[in-house]
Amino acid sequence: MMFLWIPQLVLSALTVAKPACKCTYGESCWPSDDAFTQLQTKLSAPLIYPFPPEAACYPNMNVTGPSCDEVRAQTANGTWRADQPGSMQAPNWEGYIWPNGTIDACYLNTTLGQPCSQGSVPPVGVVAHSASDIQAAVRFAAEHNLRLAIKSTGHDFSGRSTARGGLLIWTHFMKNITFDESANTLKVAAGVQWREAYDAAESHKRTLVGGISGEGSVGAAGGWVQGGGHSAISPKFGLGVDNVLDFELVTASGDLIHANSRQNTDLFWALRGGGGGTWGVLVSVTYKTHPLVPAVVLNIQADLTTNTTKNNFIYNFFSHHQEWSDKLNLGGYVTLINGHLSVGYAALDVTEAHMNETLEPFRDYAFKTVPEGQLTWSVTTFPSFYDWKRTFTGNDTSNFSNGVRVEPISRLVSKDKLKTSAGLWGLTLFFANQPYGQFHLVAGGAVSTPDPDSLGLGPAWRSAIGQMMSGIAWDETSSYLVIKALRAYGKVLSPTMTAVCGDGAYFNEGWRFETNWKKLFFGDHYSRLEEVKKKYDPKDMFIVAAGVGSERWDDDQTCPS
């Protein structure tokens, strides 16, 4: 009897120690009005009550804010979406799919006859203007065991900055920027967006590694950098995480701390690539900057009208990438839509003559292969990266993914794939047959230099040349069965991409439904990241989809799995 009784006692103890479900809106555990009133006394701004922006098109919702006409006109505007507390850049994450396939959401097309509901948008939020606001919110969430969401701009393809029935911490209005003249560093608060950070760096004649979305609405001190942070100039100056000198953040205990090369060094290691929404709430990030130097830019526009021409052209194009990376630290972006190839690549601090000499073999091939009138080619010098970015993106506030229900599926492309004909043909045929092909030349060069174990970033980045993008998308009329079928297709697409590209993926632009997400996003760093997680967040206050520690929780990150 004793033999049987001891394991049962141990099992009972383990059951008691198991963490409880997070408390969500509508449950008896939800904080009372008096509790929220007490929270309000500790905040610098009134609590907010977010809702999906599309709720404005439903008169019965009685919401205040933008009109339905404004919501419809601005739905693809990334800057506008970032300014709405209940908006995600990809509105599929504003909705919620129940296990039975019922979708809770609000729709622009009200003729669908679907009711409007809160979906995954947190019903109450704290508008943070300072670290003390964040501390008050974190301590309140801890006291009441609330599901917590951290959001700056909502640029997240996996819905990691929203939480159904939870409490939102919105850092969007934390806009302080400080440039240190003696150290040439730029400190940006949690709500600063890249367009604002770029303007500050340029005013001091410095170059800052950052994102290149059309209107620069992505946050400069949030998920972008914690996930790794790629840029068109990463091959020259490294990833975002390679340029961070200090993080200031509020931890799960409500403490305000710094993580850098001298303080909390284990957390500094994890924050650089271990994924956003996992370690605490960022208050600020300090970046090193680089000299302002000219950018020499390659622009190619090619109409590849036959499959043979398209395949051979792309094969030859990819075959030169290692050389271009080695000689130029070239970086940028490629799209292929209906046979039209568009290339925007930049090299910093090189001459046009050197650029032309390096590109000449491929240029000669291109003009011999593509019929006259179907190919344009230019190499142009811009005074700086910023001047090229303004020309490349203009003042465009839209993006292919803003306001679109999209789930990217991506892989880092290993340099090894460029070394053999078989590897090159695999990349060529995959890229050429995508309905919307994208390749990002954002690795190699300075990205390959650091010791892969020197920070928490997935080590696959250090042996990659760039990133291949694919994915699934649907419109708001799609039923759950359509979404389910698309995600089933994604489960087939995913291993194909691994075979073609390699077994690493970018946390920020990867798929949250990857079966092998630990390996893809974090590689062999995962166990060390888990150790840091348990030290700084032992109760899993900060949990996001396919983030460190999320395997202990259900798909909603609400109840233990």
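The values are calculated or read from the model by the stated rules, or taken from the named source; none is laboratory data. On a predicted model such as this, the values are computed, not experimentally measured, just so you know. Here Cβ is always computed from backbone atoms with ideal geometry, including for glycine, and neighbour counts include all displayed protein chains. Ligands, DNA and RNA are excluded from the accessible area calculation, which covers all protein heavy atoms including side chains. Shrake-Rupley method; radii C 1.70, N 1.55, O 1.52, S 1.80 Å.
Dipole magnitude for the chain: about 800 debye, using +1 per Lys or Arg Cβ and -1 per Asp or Glu Cβ, origin at the Cα centre.
In order along the stretch 200-206, the Karplus-derived 3J(HN,Hα) couplings, from 6.51 cos²θ - 1.76 cosθ + 1.60 at θ = phi - 60°, round to 5, 5, 5, 5, 9, 6, 10 Hz, and Gly and Pro are given as x. Quick check: the angle from helix 352-369's long axis to the longest principal axis of the chain, C-alpha only, nearest 10 degrees? That works out to roughly 80 degrees. Ile337 sits with roughly 60 Å² accessible to a 1.4 Å probe, with DNA, RNA and ligands left out of the calculation. For Lys419, a cut-off of 23 angstrom between C-alpha atoms picks up these lysines, skipping any fewer than 8 places away in its own chain: Lys236, Lys310, Lys327.
For His204 and Lys368, the difference between the fully extended length at 0.36 nm per residue and the C-alpha to C-alpha distance is 54.6 nm. Accessible area per residue was computed with a 1.4 Å probe on protein heavy atoms; Trp30 scores about 40 Å². Let me spell out the model: positive unit charges on the Cβ of Lys and Arg, negative unit charges on the Cβ of Asp and Glu, origin at the Cα centre of the stretch 429-561. What dipole size does that give, in debye rounded to 20? Approximately 140 debye in magnitude. Which loop-located GluC sites (Glu not before Pro) does the stretch 17-90 contain, where loop means any DSSP state but H, G, I, E or B and the Cβ has at most 14 other Cβ atoms within 10 Å? Those that pass, being in a loop and sparsely packed, are Glu27. Checking the a/c ratio against 1.5 first, then a/b against b/c, what shape does the Cα gyration tensor give for the stretch 124-211? It is prolate, given that a/c is not under 1.5 and a/b is the larger ratio. Placing pseudo-labels 7 Å out from each Cα toward the beta carbon at Ser478 and Trp98 gives an inter-label distance of 2.2 nm. With a 1.4 Å probe and all protein chains left in place, how much of the accessible area of the stretch 243-342 comes from carbon and sulfur atoms, in whole percent? C and S atoms contribute 46 percent here.
With a ≥ b ≥ c the root eigenvalues of the C-alpha gyration tensor of the stretch 484-561, is it rounded (a/c under 1.5), prolate (a/b larger than b/c) or oblate? Working shown, then result.
On the way: a/c = 3.12, a/b = 1.51, b/c = 2.07.
Cα axes put the stretch 484-561 in the oblate bin.
Comparing Cα centroids, the stretch 200-245 and the stretch 489-537 end up 22 angstrom apart. Per-residue SASA remark: Lys518, around 70 Å² accessible (1.4 Å probe; ligands, DNA and RNA not included). Label-to-label distance, Ser342 versus Asn356, with points set 7 angstrom from Cα along the beta-carbon direction: 2.7 nm. Accessible surface computed residue by residue for the chain, with neighbouring protein chains in place and a 1.4 Å probe, gives 40 Å² per residue. Taking all protein chains together, Arg195, Arg147 sort by accessible area into Arg195, Arg147, largest first [probe 1.4 Å].
Unpaired cysteine residues in the chain (no second Cys Cβ under 4.7 Å): Cys501.
For Rg and Dmax of the Cα atoms in Å, the candidate list reads (1) 23.9, 77; (2) 42.0, 124; (3) 23.9, 89; the entry that matches the value derived from this model is (3).
Taking a straight line from the alpha carbon of Lys533, these lysines sit under 24 Å away, with near neighbours fewer than eight places off in the same chain left out: Lys18, Lys22, Lys151, Lys518, Lys519. Scalar couplings 3J(HN,Hα) for the stretch 246-262, obtained by applying the Karplus form with A = 6.51, B = -1.76, C = 1.60 to θ = phi - 60°, are 7, 10, 10, 8, 9, 8, 4, 7, x, 7, 9, 9, 10, 10, 7, 6, 10 Hz; x denotes Gly and Pro.
Its Cα centre serving as origin, the stretch 43-115 has a Cβ charge dipole (Lys and Arg +1, Asp and Glu -1) of approximately 40 debye.
Within the same chain, aspartates and glutamates fewer than 8 places from Lys42 are excluded, and of the rest, those with a Cα less than 19 Å from its Cα are Asp33, Asp34, Asp133, Glu143, Asp255. With both labels modelled 7 Å from their Cα along Cα-to-Cβ, the Asn260 to Lys419 distance reads 4.0 nm. Heavy-atom accessible area with a 1.4 Å probe sorts Ser44, Ser470, largest first, into Ser44, Ser470.
For the stretch 319-413, GluC sites (Glu not before Pro) meeting the loop criterion (DSSP other than H, G, I, E, B) and having at most 12 other Cβ atoms within 10 Å: Glu372.
Along the stretch 152-161 the Karplus relation, 6.51 cos²θ - 1.76 cosθ + 1.60 evaluated at θ = phi - 60°, assigns HN-Hα couplings of 10, 10, x, 7, 8, 7, 10, x, 7, 10 Hz to successive residues, with x for each Gly and Pro.
The order of Ser550, Ser527 by accessible area, most exposed first and with a 1.4 Å probe, is Ser527, Ser550. Projecting the Cα positions of Val296, Trp324, Asn338 onto the charge dipole of the chain (unit charges on Cβ atoms of Lys, Arg, Asp and Glu, taken about the Cα centre) puts Trp324 furthest along the positive direction.
Kindly identify the stretch 175-318 as rounded, prolate or oblate by the Cα gyration tensor criterion: order the square roots of the eigenvalues as a ≥ b ≥ c, call it rounded if a/c is under 1.5, otherwise compare a/b with b/c, prolate if a/b is larger, else oblate. It comes out prolate by the Cα gyration axes.
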